[in-house]
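The values are calculated or read from the model by the stated rules, or taken from the named source; none is laboratory data. Computed from a predicted model, the values in this text were never measured in an experiment. Cβ atoms come from the backbone with ideal geometry, glycine included; neighbour counts cover every protein chain shown. Accessible surface areas use protein heavy atoms only, side chains included; no ligands, DNA or RNA. Shrake-Rupley method; radii C 1.70, N 1.55, O 1.52, S 1.80 Å.
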Amino acid sequence: EDQVTQSPEALRLQEGESSSLNCSYTVSGLRGLFWYRQDPGKGPEFLFTLYSAGEEKEKERLKATLTKKESFLHITAPKPEDSATYLCAVQAARTGGFKTIFGAGTRLFVKA
Amino acid sequence: GAGVSQSPSNKVTEKGKDVELRCDPISGHTALYWYRQSLGQGLEFLIYFQGNSAPDKSGLPSDRFSAERTGGSVSTLTIQRTQQEDSAVYLCASSPVSLSNSPLHFGNGTRLTVT
């Protein structure tokens, strides 16, 4: 069964304190791995798509990387406005690549 | 441009009543998804539409749940005889192409409370 596990469940950082969020996945034929950001009361907002091991994507203070078993979202010198829940999701070849399976997310709190 | 629109934003209903949740996807998006998010939990897949047909409805929790899509656009998720465990945020998302690997564009959800 396709599965996505995120850790930690919650992460508290001081402003400027860099860290990483982990997403471990088990899928039969990865079609794509996605990172989303979700603010309270809002729907998830797309950040990155990664397709193959070794791929990296960057956007402002965020950098996503991918291996054959996991993905990391690195946050460099975070600011309070980076506080949100970060969701990892995968699309698998078994489901034709259309069904997107989400992890439970990591809640990030950045204190000024 | 306009994003995915969901209505109502909040719905409080009594146990046993039926509810209808509406989703207006981004114009031209062929794929439409429904997810459920319980408090502090991740997103639980419910159903996926390609045009007006639903190739994958494997996530619908029971036969009290149904969904339809008309004109390749608006979708309605119906929950019959609501139960307290149905309380959650129901999120709709659309995707611009009929190919896989496309990211999802989400609405802000309908918060359903069953009393």
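Considering only B:SER5, B:PRO96, B:GLY28, whose Cα is most displaced toward the positive end of the charge dipole of chain B, charges sitting on Cβ of Lys, Arg (+1) and Asp, Glu (-1)? Working it through, the farthest residue towards the positive pole turns out to be B:SER5.
Taking A:SER83, B:SER95 and ordering them by how much accessible surface each has at a 1.4 Å probe, largest first, produces A:SER83, B:SER95. The trypsin sites (Lys or Arg not before Pro) of the stretch B:29-115 meeting both criteria, a DSSP state outside H, G, I, E and B (loop) and at most 13 other C-beta atoms within 10 angstrom of the site's C-beta, are B:ARG81. In chain B, the ratio of gyration radius to Kirkwood radius, Rg to Rh, stands at 0.95 when only Cα atoms are counted.
Each Lys and Arg Cβ is given +1 and each Asp and Glu Cβ -1; about its Cα centre, the stretch B:16-60 then shows a dipole of about 40 debye.
Computed over chain A, the P(r) curve from all C-alpha pair distances, binned at 5 Å from the origin, holds 2, 13, 24, 25, 19, 10, 5, 2, 0 percent per bin. Residues of the stretch B:5-54 that bury at least 20 Å² of accessible area once all protein chains are present, compared with their chain alone (1.4 Å probe, heavy atoms only, ligands and nucleic acids left out), are B:TYR33, B:TYR35, B:GLN37, B:GLY42, B:LEU43, B:PHE45, B:TYR48. Taking a cut-off of 18 Å between Cα atoms, list the aspartates and glutamates near A:LYS63, but don't count ones fewer than 8 places away on the same chain. Within reach: A:GLU15, A:GLU17, A:GLU45, A:GLU55, A:GLU81, A:ASP82.
Any idea what the relative contact order of chain B is, in percent, if you count C-alpha pairs under 8 Å spaced at least 6 apart? Relative contact order of chain B: 37 percent. Rounded to the nearest 5, the antiparallel percentage of DSSP beta bridges internal to the stretch A:3-111 is 90%. At a probe radius of 1.4 angstrom, the accessible area of the protein assembly as shown per residue rounds to 48 square angstrom. Per residue, the convex hull spanned by the alpha carbons of the protein assembly as shown comes to 120 Å³. Counting only protein chain heavy atoms and rolling a 1.4 Å probe, the accessible areas of B:THR82, A:THR76 rank, largest first, as A:THR76, B:THR82.
Look at the alpha carbon pairs under 8 Å that are at least 6 residues apart: their mean separation over the length of chain A gives a relative contact order of 37 percent. Taking the accessible area of the stretch A:3-111, probe 1.4 Å, and keeping the other protein chains in place, the carbon and sulfur fraction comes to 48%.
About the centre of its Cα atoms, chain A shows a dipole size close to 160 debye [charges on the beta carbon of Lys, Arg (+1) and Asp, Glu (-1) only; nearest 20 debye]. Annotation note: chymotrypsin sites (Phe, Trp or Tyr not before Pro) in the stretch A:46-112 located in DSSP loop regions with a Cβ neighbour count of at most 14 within 10 Å are A:TYR51. For B:LYS11, the lysines whose Cα comes closer than 18 Å to its Cα, not counting residues fewer than 8 places off in the same chain, are A:LYS42.
Here chain B is treated with +1 on each Lys and Arg Cβ and -1 on each Asp and Glu Cβ, and its dipole about the Cα centre works out to around 120 debye.
Once you reduce the stretch A:29-45 and the stretch B:37-115 to the center of their Cα atoms, the two points are 15 Å from each other. Inter-chain neighbour count for A:82-89: the average number of beta-carbon atoms from partner chains within 10 Å of each residue's beta-carbon is 1. For B:GLY109, the residues 5 or more places off, or on other chains, whose built amide H falls under 5 Å of its own are B:GLN6, B:CYS92. Think of chain A as having a plus end and a minus end, set by charges on the Cβ of Lys, Arg, Asp and Glu; of A:CYS88, A:ALA10, A:TYR51, A:TYR51 sits farthest toward the positive end of this dipole. From the square roots a ≥ b ≥ c of the eigenvalues of the alpha-carbon gyration tensor of the stretch B:52-115, which class results: rounded (a/c under 1.5), prolate (a/b over b/c), or oblate? Judged from the Cα gyration tensor, the stretch B:52-115 comes out prolate (a/c at least 1.5, a/b above b/c).
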